[in-house]
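Following: one structure in structure tokens, then a few remarks.
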Amino acid sequence: MTWLITGGAGYIGAHVARVMTAAGERVVVLDDLSTGVAERLPATIPLVRGSLLDREAVDRTLAAHKVTGVVHLAAKKQVGESVEQPLRYYRENLHGLTVLLDGVVAAGVRRFLFSSSAAVYGVPDVELITERTPAVPINPYGETKLAGEWLVRATGQAHGIATGCLRYFNVAGAATPELADTGVFNIIPMFFDRISRGEAPRIFGDDYPTPDGTCIRDYIHVADLADAHLAAARRLAGQEGAGDLTVNIGRGEGVSVRELADLVAEVTGHRAGTVVEARRPGDAARAVASVGLIAEKLGWTASHGVREMVESAWEGWRLHHPATVVG
Ligand SMILES: NC(=O)c1ccc[n+]([C@@H]2O[C@H](COP(=O)([O-])OP(=O)(O)OC[C@H]3O[C@@H](n4cnc5c(N)ncnc54)[C@H](O)[C@@H]3O)[C@@H](O)[C@H]2O)c1
């Protein structure tokens, strides 16, 4: 098979591209480099610079590389930005997906894996979020992911395509420092950013109904996430005709923001403490995945712990911010 990885120059996509290539899969990347970095990919992986929104670029790439399966990661992913710019998010994430799926159907591609998100669940009040927990997103980003799943499944059913929707929980860490997330949108880079400025990491709310009062999340190492993509892609490759696999990807273990902040202090050696600020709207007290279904269907479970995520992310941060001084 030859897999097209959209968004393969991004943080997660570059990990997926490398893991799939190392496992012997043929891979080609389509990326407009809007947030991606070409240097994340080795020269052996072909990179087509183009947008999902450009049907010709999609068709050309599918045909020129004789693509037989797609791993679709390209998207805009900032929740706050999606609230301010819903049209852009629906255009990029949902219209972009329709253009890609049109190309996939026309080219006769029969395997399609979609990057979804725990954001589809919104703020459910449950101990563990299963794939049957109602999906009620609370922002345009989550809406585009949920509607994207519907579109992927419906297209798969109508055109005999094996599909998978992977609902990632909080992704962190890096397989190697140069592949680290360079954006400051997730909690660990946000902590590092404050430390680098000599400021205390911020905790938003410590009056939640949790043991230490801070929010609880499920963190997944990006290297484990990439392995899960390989397992899912291989399962789709072995399947004939339509049929969907929608699964959570997490560790199934909750870590509080306070615990994470303590771990960050330990790993980085900073002594700035933390500051507690007001709750942010839209933050659930607890969001932890049930991971039984992915273990059952793919035989996959996470192998890296939260300390490895913080340590590898910190190595990556220091590579990309060499001026960082910790005190
Ligand atoms: N990082 C997380 O914690 C997280 C959690 C859940 C889901 N996801 C999803 O995982 C996927 C990858 O996220 P990431 O963290 O690697 O983000 P990223 O921004 O690093 O990667 C996205 C990639 O897609 C490319 N891209 C964006 N729009 C494009 C377009 N129109 N055409 C072609 N390429 C385009 C970007 O240049 C970039 O390389 C996204 O779909 C995101 O919604 C991420």
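Structure notes:
- For first residues located in the stretch 1-18 and more than 16 Å from G183 (Cβ to Cβ), partners that are within 11 Å of the ligand (Cβ to nearest atom) and among the basic types (K, R) and lie 6+ apart or on another chain with Cβ distances below 9 Å form the pairs G8/R40; A17/R40; R18/R40.
- Of all residues in the stretch 290-306, those being hydroxyl-bearing (S, T, Y) and either in contact with a His (Cβ under 6 Å, 6 or more places away or on another chain) or free of Cβ contacts under 8 Å to residues at least 60 places away in the same chain (or both) number 1.
- Candidates are the residues of the stretch 104-159 that are aromatic (F, W, Y) and either modelled with pLDDT under 95 or out of contact with any Phe, Trp or Tyr (no Cβ under 9 Å at 6 or more places or on another chain) (or both); the one that is nearest to W3 (Cα to Cα) is F112.
- Of all residues in the stretch 139-177, those satisfying the criterion of being away from the ligand (no atom under 13 Å from the Cβ), part of a helix (DSSP H, G or I) and either closer than 22 Å to G69 by Cβ or in contact with a Pro (Cβ under 7 Å, 6 or more places away or on another chain) (or both) are W150, L151, R153, A154, T155, G156, Q157, A158, H159.
- Of all the listed residues (A75, A43), the sole one being closer than 24 Å to I161 by Cα and of a type in the set (A, V, I, L, M) is A75.
- Check on V104, within 12 Å of the ligand (Cβ to nearest atom), crowded, with 24+ Cβ neighbours inside 10 Å and either in a helix (DSSP H, G or I) or at positive phi (or both): no
- Answer from V37, V48 - the residue that is in contact (Cβ under 8 Å) with a residue 24 or more places away in the chain and either surrounded by fewer than 18 Cβ atoms within 10 Å (Cβ to Cβ) or closer than 22 Å to A14 by Cβ (or both): V37
- Number of the exception - F192 against (1) more than 19 Å from the chain's Cα centre (by Cα); (2) away from the ligand (no atom under 16 Å from the Cβ): (2)
- Restricting the search to strands (runs of 3 or more DSSP E) fully inside the stretch 1-96 and requiring at least 3 residues that are farther than 30 Å from P137 by Cα and more than 8 Å from the ligand (Cβ to nearest atom) gives 26-31, 47-49.
- For D218: the one exception among (1) free of Cβ contacts under 8 Å to residues at least 12 places away in the same chain; (2) more than 28 Å from A107 (Cα to Cα); (3) not polar (S, T, N, Q): (1)
The values are calculated or read from the model by the stated rules, or taken from the named source; none is laboratory data. What you see is a predicted model; the values in this text were computed from it and never measured. Glycine also receives a Cβ, built like all others from the backbone with ideal geometry; neighbour counts cover every protein chain displayed.
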